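*Asks:* What follows is a structure written as structure tokens; I'll ask about it next.
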Amino acid sequence: MFATVKPCNLESEKSKFFLSDFTYNPHFEYSHPVSAALLERYNTPSDLFLTQAVRILEQALRRYGSYEKFELATGGSLLPKNRIKGYVKKYMEKEGCVGEITVHLSEELLSRASMTMMHTRSVLTINVSTAREFWLEGMLRHEIGTHYLRGVNNAQQPWANLPTRRSLGLRPPNPTEEGLASLHSVLQRSDPTLWRAALLYYTVLRAGRLAFAPLFQELRRFVQDPDTRWAYCVRAKRGQRDTAQPGCFSKDQVYLDGILRLLRHRDSIDFQLLMSLGKVSYEDIDRLRGLAVMERTRLPHFLRDRGRYARQLHRIMEVNQLSDAELQELI
């Protein structure tokens with residue numbers, strides 16, 4: 001899906017956009033036809049968590065002054081390729097998965113990283129242009145500690161195949177999957193501000209109502225750097241050909257959506273069991289408990305201490321000024 005909606009003429013359209021003083025609306029081309037059904041499925045953004053998204057962004061700006069200062073203070077400096085590879089190796093040793101994952105470094109990825117399957121082999125691709133020293137651990141917890149290990153656990157469960165999932169009436173794994181991975185991205189940070197999830201949510205919502213150039217200008221409220229703003233706008237507008245029209249690729253709202261749903265129910269969710277069950281929604285935990293195969297399930301190192309994990313989730317609530325009362329009202 002992501003390969004289908006990624007424009008193949010990004011660099012040439014970026015040049016036109018920047019040379020126009022940010023007034024040109026790009027015309028994206030695609031190597032493979034983007035199906036109308038796919039675009040329709042992801043062209044309706046939600047505004048349910050708009051208030052929370054804007055609050056998260058604004059309080060970060062109040063504390064740091066700008067996104068660029070926030071990025072430097074919380075993310076640190078960009079890492080060279082040799083340090084990235086060394087860090088990934090050490091992380092895989094912590095999770096006991098050395099030799100199970102192929103690592104690629106890229107400068108063309110739209111996201112910060114991705115975990116995919118290629119010829120039955122798990123492949124982690126890391127965007128070197130966003131690999132910062134204090135954020136890399138969180139990214140690895142997101143991709144390996146969550147997506148990869150939940151995939152490994154899922155493979156040994158009865159619902160590993162689609163017919164069984166359907167017969168059991170299982171809900172889709174998202175927004176739980178990306179919400180959980182996003183929580184794990186910030187879990188260990190001294191400042192677990194949910195900036196990226198909030199800005200992706202906001203950008204998608206506004207893209208559904210604005211053309212590319214006005215969207216780019218509006219994001220200046222939160223991000224000064226043109227390259228960073230371009231990247232967020234491309235993610236929100238991918239799949240479109242003529243970006244002079246309102247329209248969005250709404251999947252990026254899943255991160256904040258999933259985060260807030262998990263935080264809303266954090267006191268009743270067995271997060272260790274949720275990891276062990278594989279690619280399932282938190283809403284299906286209780287009904288699958290008695291069917292699960294638990295003998296060889298794997299937990300990430302940061303989820304083994306239940307008390308510490310619960311305190312870290314509470315810290316995320318505090319830093320992002322979220323309250324149980326508002327989440328209970330919304331969800």
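*Asks:* For the list (1) at positive phi; (2) in a helix (DSSP H, G or I); (3) not aromatic (Phe, Trp, Tyr), I need the number of the one condition that Gly99 fails.
*Replies:* (2)
*Asks:* What is the residue count in the stretch 271-286 for residues that are assigned to a helix (DSSP H, G or I) and in contact (Cβ under 8 Å) with a residue 24 or more places away in the chain?
*Replies:* Counting residues in the stretch 271-286 that are assigned to a helix (DSSP H, G or I) and in contact (Cβ under 8 Å) with a residue 24 or more places away in the chain gives 8.
*Asks:* Can you tell me which of (1) surrounded by 22 or more Cβ atoms within 10 Å (Cβ to Cβ); (2) within 14 Å of the chain's Cα centre (by Cα); (3) among the polar types (S, T, N, Q) is the one Ser250 doesn't meet?
*Replies:* (1)
*Asks:* Something else now. Within the stretch 258-287, how many residues turn out to be within 15 Å of Glu178 (Cα to Cα) and either open to solvent by 60 Å² or more (accessible area, probe 1.4 Å) or over 22 Å from the mean Cα position of the chain (by Cα) (or both)?
*Replies:* 2
*Asks:* Right, another one. Among the candidates Ala213, Ala197, single out the residue that is at pLDDT 95 or above and closer than 21 Å to Glu71 by Cα. Can you show your working first?
*Replies:* Working: Ala213 fails: closer than 21 Å to Glu71 by Cα.
Unique residue meeting the criteria: Ala197.
*Asks:* Ok, one more. Being open to solvent by 30 Å² or more (accessible area, probe 1.4 Å) and part of a helix (DSSP H, G or I) is the filter here, so list the residues in the stretch 302-311 that pass it.
*Replies:* Passing the criteria: Arg306, Gly307, Arg308, Ala310, Arg311.
*Asks:* Here's a follow-up. Scan Arg220, Arg206, Arg235, Arg229 and give me the residue that is under 27 Å from Ala181 (Cα atoms) and either open to solvent by 40 Å² or more (accessible area, probe 1.4 Å) or part of a loop (DSSP other than H, G, I, E, B) (or both).
*Replies:* Going through Arg220, Arg206, Arg235, Arg229 in turn, the sole match is Arg206.
*Asks:* Just to verify a result, which residue in the stretch 267-296, among those that are touching an Asp or Glu at 6+ places or on another chain (Cβ under 9 Å) and among the basic types (Lys, Arg), is nearest to Leu149 (Cα to Cα)?
*Replies:* Lys279
*Asks:* Among residues belonging to the stretch 12-59 that are part of a helix (DSSP H, G or I), of a type in the set (D, E, K, R) and at pLDDT 95 or above, point out the one that is least open to solvent (accessible area, probe 1.4 Å).
*Replies:* Glu13
Conditions (1) touching a helix residue (DSSP H, G or I) at 6+ places or on another chain (Cβ under 7 Å); (2) among the small types (Gly, Ala, Ser), marked per residue:
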position	(1), (2)
His147	yes, no
Gly151	no, yes
Gln157	no, no
Glu178	yes, no
Ala181	yes, yes
Pro192	yes, no
Arg196	no, no
Leu199	yes, no
Arg206	yes, no
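*Asks:* Mind listing just one residue for me: the one in the stretch 221-270 that is without any contact (Cβ under 8 Å) to a residue 60 or more places away in the chain and of a type in the set (Asp, Glu) and, of those, nearest to Ala36 (Cα to Cα)?
*Replies:* Within the stretch 221-270, the match that is nearest to Ala36 (Cα to Cα) is Asp252.
*Asks:* Next up: When the residues of the stretch 119-167 are filtered to those that are more than 15 Å from the chain's Cα centre (by Cα) and within 15 Å of Gly99 (Cα to Cα), which remaining residue is most open to solvent (accessible area, probe 1.4 Å)?
*Replies:* Thr120
*Asks:* Starting from the stretch 168-184, take each residue that is closer than 21 Å to Arg311 by Cα and list its partners that are aliphatic (A, V, I, L, M) and open to solvent by less than 40 Å² (accessible area, probe 1.4 Å), counting only C-beta distances under 6 angstrom and pairs at least six apart or across chains.
*Replies:* Note: pairs meeting the criteria are Glu178/Val254; Gly179/Ile259; Gly179/Leu262; Ser182/Ala197; Ser182/Ile259; Leu183/Ile259.
*Asks:* Answer yes or no as to whether Arg196 is open to solvent by 20 Å² or more (accessible area, probe 1.4 Å) and under 30 Å from Glu100 (Cβ atoms). Spell out how you get there, then give the answer.
*Replies:* On the way: open to solvent by 20 Å² or more (accessible area, probe 1.4 Å): yes; under 30 Å from Glu100 (Cβ atoms): yes.
Yes; evaluated as a whole, the condition is true for this residue.
For (1) under 25 Å from Met139 (Cβ atoms); (2) among the small types (Gly, Ala, Ser), each residue gets a yes or a no:
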position	(1), (2)
Ser268	no, yes
Gly278	yes, yes
Arg315	yes, no
Leu322	yes, no
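*Asks:* Same structure, new question: For the stretch 288-301, does any single residue satisfy the condition of being without any contact (Cβ under 8 Å) to a residue 60 or more places away in the chain and either among the polar types (S, T, N, Q) or open to solvent by less than 50 Å² (accessible area, probe 1.4 Å) (or both)?
*Replies:* No, because not a single residue in the stretch 288-301 is without any contact (Cβ under 8 Å) to a residue 60 or more places away in the chain and either among the polar types (S, T, N, Q) or open to solvent by less than 50 Å² (accessible area, probe 1.4 Å) (or both).
*Asks:* Evaluate the stretch 317-324: report whether one residue or more is of a type in the set (Ser, Thr, Tyr) and either within 23 Å of Pro173 (Cα to Cα) or surrounded by 13 or more Cβ atoms within 10 Å (Cβ to Cβ) (or both).
*Replies:* no
*Asks:* Find the residue count for the stretch 65-96, including only residues that are open to solvent by 10 Å² or more (accessible area, probe 1.4 Å) and not in a helix (DSSP H, G or I).
*Replies:* 7
The values are calculated or read from the model by the stated rules, or taken from the named source; none is laboratory data. Only a predicted model underlies this, so the values are computations on that prediction, with no experimental measurement involved. All Cβ positions, glycine included, derive from the backbone under ideal geometry; neighbour counts span all protein chains shown. Please note that ligands, DNA and RNA were not included when accessible areas were found on the heavy atoms of the full protein model with its side chains. Shrake-Rupley method; radii C 1.70, N 1.55, O 1.52, S 1.80 Å.
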